[in-house]
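For reference, the structure discussed in these notes is given below.
Coordinate-derived values only; no laboratory data. On a predicted model such as this, the values are computed, not experimentally measured, just so you know. Note: ideal-geometry Cβ built from the backbone for every residue, glycine included; neighbour counts use all protein chains shown.
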Ligand code: ASP
């Protein structure tokens, strides 16, 4: 058995956190491949090293003095090295970084140094081999992650390795130039490593004990989720259930490797398992509720729309031409509604509306703003009667007006559109009916 263990920034923010991490790794000798993030916040007002690197490099790029910023970053690492009593110096590394910054090596290079340096410290502290992600994680010339090439190179590189540390968040083009994933991308690296070595489990260690059924900012002390499927998580994650990077699911999903979200500060907690499929029933009919505010709906009406071939394509073309992606497209007999992100849409609304008129010749267009979408997700829904009925009667009792309903074809989720102002009330009503009233 082998496990890939990824530790997030707050798990590696200080020497004390590193000590906890080593303890976790030592407790299970299958934890052989370690993917660290850059040091995160030690306390709420603290800075994340990645943010500090971006800020420092911005100065360098403007030709300003970046010494003070860089020495603050150096101090963060030195504090960890001293706290761990390691015989390790990053002086040479910082000389290279300073030179590269002066020569404007690029923002991607700058940001990647957070994970790179933390990886060096982690490897020294654990006595594991350090494998630079720039040598094994590959991006194609157009900037897209090259999954198959990476899988081959990384698989071969790690085949004969017992224990290794591979820094998260970045890789390189063939010519060696560094490229990072999007923010929070160390989760993706962990998943890529797990796939390449065909790990039995991908453990993702963070500062919460897994996923919660609903956002704790809205629900007091929500219950945790024990097991969730990849598909359920996708339905929730695009709505913003932020513990795990939404793209990180894909590499392990190809191999059916389960992911276990764990808490570095509470290692005994079982956390959440993310799996391909399970016969374990979730405790409640629903697995989770997630949502987002700030959507607009564009309601397009045209008589006999249902018989006009190509109408939908023409409407969507207007959005595509303006570089806007859509979230949902519920339709009626003579109407079609397109839900879009308000912040992307606002500046372009009139351009889109005139493009719809030009391309699809509708009778009327009506735009409504400040809408929220809520996804109620659960594999249990498929076999349970009355789920939708319970949701809508709960919302009616809470005086929430439902503006849109969309049941995903997988019968795994129901999406509800409400006014932004009703968002929290709606989530509380749904949580109460499915969780609290079942306790
Ligand atoms: N350090 C990077 C960030 O802050 C990547 C990560 O932590 O996953 O986004």
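Between the alpha-carbon centers of the stretch 1-48 and the stretch 338-381, tell me the distance in whole angstrom.
Using only Cα atoms, the two centres lie 42 Å from each other.
Could you state the orientation-averaged shadow area of the convex hull built on the Cα atoms of the stretch 301-375, in nm² to one decimal?
4.9
Would you mind telling me the antiparallel percentage of the DSSP bridges in the chain, rounded to 5?
Taking every DSSP beta bridge within the chain, about 65 percent pair in antiparallel fashion.
Between 0 and 90 degrees, rounded to the nearest ten: what's the tilt of helix 67-83 against the longest Cα principal axis of the chain?
Here the helix axis deviates by roughly 70 degrees.
So, R0 is 35 Å and r is the distance between the beta-carbons of residue 1 and residue 46; what FRET efficiency does that work out to, to 0.05?
0.45
Quick one: the Cα spread of the stretch 171-290 along its three principal axes, in angstroms, biggest first?
Projected onto its principal axes, the Cα set of the stretch 171-290 covers 51, 31, 28 Å.
Rounding to the nearest 10 and keeping the result within 0 to 90°, find how far the Cα-based axis of helix 186-196 lies from the longest principal axis of the chain.
80
From the Cα gyration tensor of the stretch 76-215, with a ≥ b ≥ c the square roots of its eigenvalues, which class applies: rounded if a/c is under 1.5, or else prolate if a/b is larger than b/c, or else oblate?
Verdict is rounded for the stretch 76-215.
Taking the chain as the reference, fit the longest principal axis to its C-alpha atoms, fit the long axis of helix 311-321 to the helix C-alpha atoms, and give the angle between the two in degrees, 0 to 90, nearest 10.
Helix 311-321 and the main axis of the chain meet at about 40 degrees.
In what sequence do 205, 273 fall when counting other Cβ within 10 Å, fewest first?
The fewest-first ordering by Cβ neighbours comes to 273, 205.
Order of 296, 279, 56 from fewest to most other C-beta atoms within 10 Å?
The fewest-first ordering by Cβ neighbours comes to 279, 296, 56.
Would any residue of the stretch 257-290 have its amide N under 15 Å from a label point 7 Å out along Cα→Cβ of residue 16? List them or say none.
Residues passing the 15 Å test: 264-266.
Using only the alpha-carbon atoms of the stretch 2-101 as identical scatterers, what base-10 log of I(q)/I(0) does the Debye formula give at q = 0.19, 0.22 Å⁻¹?
The Debye formula, applied to the Cα set alone, gives -1.00, -1.19.
Give the distance, in whole Å, between the Cα centre of the stretch 162-222 and the Cα centre of the stretch 251-279.
Here the answer is 12 Å between Cα centres.
Would you calculate a helix-derived [θ] at 222 nm for the chain, using -39,500 (n - 2.57) for each DSSP H run of n ≥ 4 and dividing by the full residue count, to the nearest 500?
For the chain, the value works out to -11500 deg cm²/dmol.
Based on the Cβ-Cβ distance of residue 385 and residue 299, what FRET efficiency does E = 1/(1 + (r/R0)^6) give at R0 = 25 Å, to the nearest 0.05?
0.20
Can you put 183, 428 in order of Cβ neighbours within 10 angstrom, beginning with the fewest? Working shown, then result.
Numbers: 183 13, 428 19.
Lowest count first: 183, 428.
May I ask you to derive the FRET efficiency for residue 58 and residue 361 from their Cβ-Cβ distance with R0 = 41 Å, giving the value to the nearest 0.05?
Plugging the Cβ-Cβ distance into 1/(1 + (r/R0)^6) gives 0.30.
Residue 410 versus residue 102, label points 7 Å from Cα toward the beta carbon: distance in nm?
Here the answer is 5.3 nm between the modelled labels.
Three principal axis extents, largest first, for the C-alpha atoms of the chain, in Å?
Over the chain, Cα extents along the principal axes are 74, 53, 41 Å.
Under a crude label model (7 Å from the Cα following the beta-carbon direction), how far is residue 393 from residue 343 in nanometres?
3.9
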